[in-house]
1. Just to be sure, is L62 free of Cβ contacts under 8 Å to residues at least 12 places away in the same chain, open to solvent by less than 40 Å² (accessible area, probe 1.4 Å) and of a type in the set (A, V, I, L, M, F, W, C)?
2. Test L79 against the criterion of being open to solvent by 30 Å² or more (accessible area, probe 1.4 Å) and at pLDDT below 90, and give yes or no.
3. Say whether the condition of being open to solvent by less than 10 Å² (accessible area, probe 1.4 Å), part of a loop (DSSP other than H, G, I, E, B) and more than 30 Å from G123 (Cβ to Cβ) is met by at least one residue in the range 251-268.
4. Considering every residue within the range 240-250, establish whether at least one is of a type outside the set (K, R), over 27 Å from S94 (Cα atoms) and at pLDDT 90 or above.
5. What residue, among those in the range 347-363 that are among the polar types (S, T, N, Q) and in a helix (DSSP H, G or I), is surrounded by the most Cβ atoms within 10 Å (Cβ to Cβ)?
6. Only one of (1) in contact (Cβ under 8 Å) with a residue 40 or more places away in the chain; (2) under 21 Å from A174 (Cα atoms) fails for F120. Which number is that?
7. Going through the range 101-136 one residue at a time, which ones are out of contact with any Pro (no Cβ under 6 Å at 6 or more places or on another chain), open to solvent by less than 20 Å² (accessible area, probe 1.4 Å) and over 16 Å from A317 (Cβ atoms)?
8. Would you mention how many residues in the range 38-51 are touching a residue at least 24 places away in the same chain (Cβ under 8 Å), closer than 20 Å to T351 by Cα and of a type outside the set (F, W, Y)?
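The values are calculated or read from the model by the stated rules, or taken from the named source; none is laboratory data. What you see is a predicted model; the values in this text were computed from it and never measured. Glycine also receives a Cβ, built like all others from the backbone with ideal geometry; neighbour counts cover every protein chain displayed. Calculation scope for accessible area: heavy atoms of the full protein, side chains included, ligands and nucleic acids excluded. Shrake-Rupley method; radii C 1.70, N 1.55, O 1.52, S 1.80 Å.
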Amino acid sequence: MSPAEIRARHRRRRRSAMRAFLKGEAFAGLFLMGAAALGLLVANSAAAGAYFGFLHAYVGPLSVLHWINDGLMALFFLLVGLEVKRELIDGQLSTWSRRVLPGLAAVGGMAVPAAVYVAFNWGNPQTLHGWAAPAATDIAFTLGVLALLGKRVPVSLKIFVTALAIIDDLGAVAIIALFYSEGLSLPWLGAAAAILAVLVALNRFRVMALWPYLALGAVLWACVLQSGVHATLAGVALAFTVPLIPAPAAPDDAKSPLHRLEHGLHPLVGFAIIPIFGFANAGVTLVGVDVLALLMTPVALGVAGGLFVGKQVGIFAFTWATVKLRLADCPEDATWRQVYGVSVLCGIGFTMSLFIGLLAFPNDPLLQDEVKLGVLAGSLASALLGAAVLATTSRSIEARRNADTRFSALRPRRREAASPRDG
């Protein structure tokens with residue numbers, strides 16, 4: 001096989017893998033919507049007592065809710081880490097030119113929402129601690145809405161949103177590590193560092209079996225849980241030690257350990273772990289509560305305003321400036337109206353926003369409820385406006401071009417059929 005054929009095969013495999021990823025994330029997003037809605041419904045029904053009682057029941061040293069948020073979510077962060085590593089080495093973020101546009105858009109999409117939250121909570125050190133809650137985009141939820149819009153959104157924009165959200169997740173991981181870790185234990189951190197060093201050594205010696213990484217990863221999680229650093233970060237650390245063989249170096253019938261683990265985790269995380277997290281954390285009791293008053297609190301306004309206003313302003317402004325300064329090209333076959341529409345949709349910050357909000361106010365249920373209400377309001381407003389903008393756009397440039405091509409191809413045949421005497 002010639003080098004050109006190998007490169008073409010590599011491109012086809014990468015495109016098909018990305019399309020499969022987008023499709024899987026979209027269906028997982030739709031599943032997450034249903035789970036979150038069910039959690040909110042149950043929390044405001046006659047079953048609310050059983051719902052909250054089950055979540056706060058202890059299983060061993062941790063409550064059920066704690067096992068979900070620190071245990072199951074470690075697998076979510078493991079998948080995030082695997083996706084980030086694959087995209088940086090062998091995917092849509094593998095070159096500087098591909099990183100510029102989603103990278104700068106992600107910076108704007110994190111900085112502006114945080115600034116909006118700070119503006120609402122300036123002067124209150126307690127509530128100011130939640131500044132990062134509106135800074136993250138929920139990739140599954142966002143792609144789920146895009147899936148409902150079908151061909152109204154070109155594939156290039158879906159890839160742009162995916163890359164942006166992956167960089168966004170990486171930023172959220174860094175924020176959690178730097179600002180939401182407390183009471184550090186040096187002995188446990190040392191033990192975690194030693195295990196991580198062994199994992200790196202396994203990678204360097206090209207150990208391709210997955211079980212040593214997973215076994216040591218479980219021990220790493222236990223050490224990080226005791227160290228004061230949030231336990232879910234163990235998943236990200238483990239992900240970056242799992243070997244990746246970039247295509248086309250890896251033969252078709254022997255995928256690298258990273259690909260095998262990613263493909264195995266994706267359905268588990270998308271259709272079980274994230275919906276369970278959504279069901280367990282979306283429950284806000286609204287019975288007998290003045291919802292409008294709760295929404296008018298600085299925390300709820302800061303989170304909702306950050307997601308709905310900050311996200312669209314930050315992402316669209318940074319994207320527009322990056323293109324106008326010729327640092328990168330606009331996503332292929334996309335109009336600026338469509339770019340604005342997906343910028344609004346990126347204000348859906350459900351999973352990571354809830355997660356950071358819980359970390360910001362671990363001992364204050366009232367502030368946690370304010371965060372949840374702000375996340376629900378901001379995400380819902382972003383989903384509705386973003387979908388409306390994209391649904392009312394004209395067809396994409398690609399669709400119009402294909403239609404024009406088909407029309408041009410038909411016209412000569414119709415003319416020839418109507419004028420047989422010309423022959």
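1. On the way: free of Cβ contacts under 8 Å to residues at least 12 places away in the same chain: yes; open to solvent by less than 40 Å² (accessible area, probe 1.4 Å): yes; of a type in the set (A, V, I, L, M, F, W, C): yes.
So L62 fits the description; yes.
2. Numbers: open to solvent by 30 Å² or more (accessible area, probe 1.4 Å): no; at pLDDT below 90: yes.
When the stated conditions are applied, L79 does not pass them.
3. Taking every residue of the range 251-268 in turn, at least one turns out to be open to solvent by less than 10 Å² (accessible area, probe 1.4 Å), part of a loop (DSSP other than H, G, I, E, B) and more than 30 Å from G123 (Cβ to Cβ).
4. No, every residue in the range 240-250 fails to be of a type outside the set (K, R), over 27 Å from S94 (Cα atoms) and at pLDDT 90 or above.
5. Per the criteria, the residue is S353.
6. Against the list (1) in contact (Cβ under 8 Å) with a residue 40 or more places away in the chain; (2) under 21 Å from A174 (Cα atoms), F120 comes up short only on (2).
7. Of all residues in the range 101-136, those out of contact with any Pro (no Cβ under 6 Å at 6 or more places or on another chain) come to 101-112, 114-116, 118-119, 122-126, 128-133, 136.
When the remaining residues are screened for being open to solvent by less than 20 Å² (accessible area, probe 1.4 Å), the result is 101-103, 105-106, 108-109, 114, 130, 132-133, 136.
Correct list: G130, A132, A133, A136.
8. At the first step, the residues of the range 38-51 found to be touching a residue at least 24 places away in the same chain (Cβ under 8 Å) are 38-40, 42-44, 48, 51.
With the extra rule that they be closer than 20 Å to T351 by Cα, the set shrinks to 38-40, 42-43, 51.
Now drop any that are not of a type outside the set (F, W, Y), which leaves 38-40, 42-43.
So the answer is 5.
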